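Worksheet for the structure shown next.
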Amino acid sequence: MTRSDLVEELAARFTQLPYRDTELAVKTILDAMSDALVRGNRIEIRGFGSFSVNQRPPRIGRNPRSGASVAIPAKRVPHFKPGKALREAVAERTAELNAADVAAPAAP
C-alpha cells in the first residue's frame with residue numbers, strides 16, 4: 001500500500017472529510033513520525049507496533065564485483081517491531097487464505 005492508497009482508503013471510509021483534508025492528515029502524521037525518529041524518539045502504537053532507531057556499527061564489506069574491501073560507516077536505521085495484535089491478525093488472515101487455497105484447488 002502506498003501513501004496515495006492509504007489516503008484513498010481513508011477518504012472512502014470517512015466520506016464527511018474532503019480528500020484534501022485526508023491527504024493533509026496522512027502527510028502530517030507521517031511527517032510527525034519521521035521527525036520523531038530523526039530526533040531519536042521511539043514511537044509506540046498499541047496493538048500495531050513500535051518504531052525505533054537502531055545504531056549499526058561500522059564494518060568492512062566487500063565489493064561483489066571486484067572483491068575489494070570497502071569501509072562501511074556507522075549509521076542509524078529505522079526499525080519496526082510489530083505488536084502482538086498485528087502479528088496475530090496477520091497470522092490468522094494468512095491461515096484463512098491458505099485454508100481457502102487448499103479447499104478450492106486452481107482450475108486447469
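Here are the criteria: (1) modelled with pLDDT of 95 or more; (2) out of contact with any strand residue (DSSP E or B) (no Cβ under 6 Å at 6 or more places or on another chain). Tell me which single one ILE43 does not satisfy.
Single failed check for ILE43: (2).
Write out, first by first residue and then by second, each pair whose Cβ atoms fall under 9 Å of each other, whose residues are 6+ apart or on separate chains, and whose first residue, in the stretch 27-52, is acidic (Asp, Glu) while the second is not in a strand (DSSP E or B).
Within 9 Å, the pairs are ASP35/ASN41; GLU44/GLY83.
Among the strands (runs of 3 or more DSSP E) contained in the stretch 35-108, which hold 3 or more residues that are touching a helix residue (DSSP H, G or I) at 6+ places or on another chain (Cβ under 8 Å) and surrounded by 10 or more Cβ atoms within 10 Å (Cβ to Cβ)?
Passing ranges, in order: 49-56.
Of the residues that sit in the stretch 24-34 and are of a type outside the set (S, T, N, Q) and open to solvent by less than 80 Å² (accessible area, probe 1.4 Å), which one is nearest to ARG76 (Cα to Cα)?
Per the stated criteria, the residue is MET33.
The values are calculated or read from the model by the stated rules, or taken from the named source; none is laboratory data. Bear in mind the structure is a predicted one, so any value in this text is a computation, not a measurement. So basically every Cβ, Gly included, is an ideal-geometry build from the backbone, and we count neighbours across all protein chains shown. Remember, those area values only see protein heavy atoms, side chains included, never the ligands or the DNA or RNA. Shrake-Rupley method; radii C 1.70, N 1.55, O 1.52, S 1.80 Å.
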